[in-house]
Structures are given as C-alpha cells and as structure tokens.
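Colleague: Submitted below is the structure of interest, expressed as structure tokens.
The values are calculated or read from the model by the stated rules, or taken from the named source; none is laboratory data. Quantities reported herein were computed from a predicted structural model and do not represent experimental measurements. Cβ sites come from the backbone with ideal geometry, for glycine too, and all protein chains shown count toward neighbours.
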Amino acid sequence: MLYEDIIKNIEPELEKTVDFVQKKMASVRTGRATPALIEDIKADCFGEMMPIKQLAAISILSAKQLMIQPWDRSYIEAIEKAVMREASGFSPITEGGNIIINIPPMSEELRKELIKVIIQTEESAKKTIRKFRDEAWSEIQDKTREGLIREDDKFRAKDKLQESVDKYNKKIDEYIERKKSEVQS
C-alpha cells in the first residue's frame, strides 16, 4: 500500500468535516433572513418528527422576514410550535395559509453567544481533522515498520499528509471567519 492511498482514504472524512462546518455555519443566525435558520427544525406532524423543509416551502420576503408555505394546512400549528420551541426570539405569525417569521435584531449578548457556538464548532471540526491525521500517520508508521513503505517515503508521506490537513483546515477557517464577521456586523 502506498502512502498516497492512506492519505486519499481519509480525504472523504475530512471533506465531510468541512461540509458539517458549512452546514452548521449556515444555520447560525446573522440578523439576515435565510431559510437555513429554520429548515432543519423538526416539527411533530402526525406523531413523526420531520424537518420543516420537508413540510413546506421556505422563502425570503425581505432581509428580516421569512415565509413558510406549508404544503398542507394541517402542518401550520406543528410548524409554528416547532419554530417557537427551537428558534429563540422568533415569533411566527400565521397569515392565510402561510407563516411569516420576523427576524428580530440581534442583541450584543446574542452575538457573544453565537460567537461561542462558532468557536466550539471550529474546535470540534479541527479536533476531528487531527484525529484523522493521527490515524493516517499511525497507519503510515505501521506500514513503514512492516516494510511496505520505505523510510524516505515515510517522511514524504508526513509532508503530504500535513499539506492535505492544512488544505481542509484552511477551508474551515474561511467559513468560520466569514460567519464571525457576519455575526459581528
């Protein structure tokens, strides 16, 4: 087994970690309306917990308003309850067959809390990436001891592995910094 194979084997996991960060950052409130704020909130419809995005169309009315258009009027009450329960500060208003959500301005206290969530997400993602790096490095060392990877290639592998890890950490840093600046502005 070549060291390149070991590195390629962890890259899908590193990509999943970056995707997790991207999705998590999309759901962090910034004061602007975006469907990601509520689409994954689960509503109790007929005894089954389902995300709002499976029960309704979510659209942006303005920078501070979202509209939820349930596909069935019987979902309205469940969606309203779920939004009030899960999305702090949001108070849904039913107009006809639609639910309007006004996004309140963010307080300084809320901004600080969101920054904490962002930092925790970053730390968690980087910890996961380190775990995969350590596993790959351990496997490379094991293969070297078994004679399947040459000693020279072991050090090349370490550099290549670090390059790959740095690439994914940079992607995470970009998402985190962008979200921090959105929350603080």
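Colleague: Among the residues of segment 10-33, how many are within 14 Å of the chain's Cα centre (by Cα) and part of a helix (DSSP H, G or I)?
Modeller: Matching residues across segment 10-33 total 13.
Colleague: Please go through segment 1-49 and give me each residue that is closer than 28 Å to V183 by Cα, free of Cβ contacts under 8 Å to residues at least 40 places away in the same chain and not small (G, A, S), ordered by number.
Modeller: K16, D19, K23, T34, P35, E39, D40, listed by residue number.
Matching residues to (1) among the aliphatic types (A, V, I, L, M); (2) in contact with a Pro (Cβ under 9 Å, 6 or more places away or on another chain); (3) not assigned by TED's automatic domain parsing to the domain that holds E177:
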| residue | (1), (2), (3) |
| --- | --- |
| I41 | yes, yes, yes |
| K53 | no, yes, yes |
| M67 | yes, no, yes |
| R73 | no, no, yes |
| G97 | no, yes, yes |
| I118 | yes, no, no |
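Colleague: A further question on this structure: Looking at K53, K127 in this structure, which one is surrounded by fewer than 17 Cβ atoms within 10 Å (Cβ to Cβ), without any contact (Cβ under 8 Å) to a residue 24 or more places away in the chain and closer than 29 Å to N169 by Cα? Give the derivation first.
Modeller: Numbers: K53 fails: closer than 29 Å to N169 by Cα.
Selected residue: K127, the only one of K53, K127 that is surrounded by fewer than 17 Cβ atoms within 10 Å (Cβ to Cβ), without any contact (Cβ under 8 Å) to a residue 24 or more places away in the chain and closer than 29 Å to N169 by Cα.
Colleague: Kindly indicate the residue of segment 37-76 that is part of a loop (DSSP other than H, G, I, E, B) and β-branched (V, I, T) and also modelled with the lowest pLDDT among those meeting that condition. Even if it seems obvious, please write down each step before you answer.
Modeller: In the first step, residues of segment 37-76 are kept if they are part of a loop (DSSP other than H, G, I, E, B); the result is 38-41, 46-47, 55, 63-64, 71-72.
Add one more test, that the residue is β-branched (V, I, T), and what stays is 38, 41.
Numbers: I38: 84, I41: 87.
The extreme case among them is I38.
Colleague: Which condition from (1) in contact with a Lys or Arg (Cβ under 9 Å, 6 or more places away or on another chain); (2) over 30 Å from L161 (Cβ atoms) is the one that I140 breaks?
Modeller: (2)
Colleague: Okay, next question. State yes or no: is S27 surrounded by 13 or more Cβ atoms within 10 Å (Cβ to Cβ) and modelled with pLDDT under 85? Steps first, answer last, please.
Modeller: On the way: surrounded by 13 or more Cβ atoms within 10 Å (Cβ to Cβ): yes; modelled with pLDDT under 85: yes.
Criteria met by S27.
Colleague: Let me ask something additional. Of all residues in segment 87-124 being in a helix (DSSP H, G or I) and hydrophobic (A, V, I, L, M, F, W, C), which is surrounded by the fewest Cβ atoms within 10 Å (Cβ to Cβ)? First the steps, then the outcome.
Modeller: As a first pass, look at segment 87-124 and keep what is in a helix (DSSP H, G or I): 108-124.
When the remaining residues are screened for being hydrophobic (A, V, I, L, M, F, W, C), the result is 110, 114-115, 117-119.
On the way: L110: 16, L114: 20, I115: 15, V117: 16, I118: 21, I119: 12.
Filtering first and then ranking leaves I119.
Colleague: Test of understanding: among L161, L148, which residue is in the same structural domain as L14 (by TED's automatic domain parsing), touching a residue at least 12 places away in the same chain (Cβ under 8 Å), under 14 Å from I6 (Cβ atoms) and surrounded by fewer than 17 Cβ atoms within 10 Å (Cβ to Cβ)? If you could, list the steps in order and put the result at the bottom.
Modeller: Working: L161 fails: surrounded by fewer than 17 Cβ atoms within 10 Å (Cβ to Cβ).
Just a single option satisfies the conditions, and that option is L148.
Colleague: Consider E77 carefully, then state whether it is over 18 Å from the mean Cα position of the chain (by Cα) and not assigned by TED's automatic domain parsing to the domain that holds I149. Give the steps one after another, and end with the answer.
Modeller: Numbers: over 18 Å from the mean Cα position of the chain (by Cα): yes; not assigned by TED's automatic domain parsing to the domain that holds I149: yes.
Yes: the conditions hold for E77.
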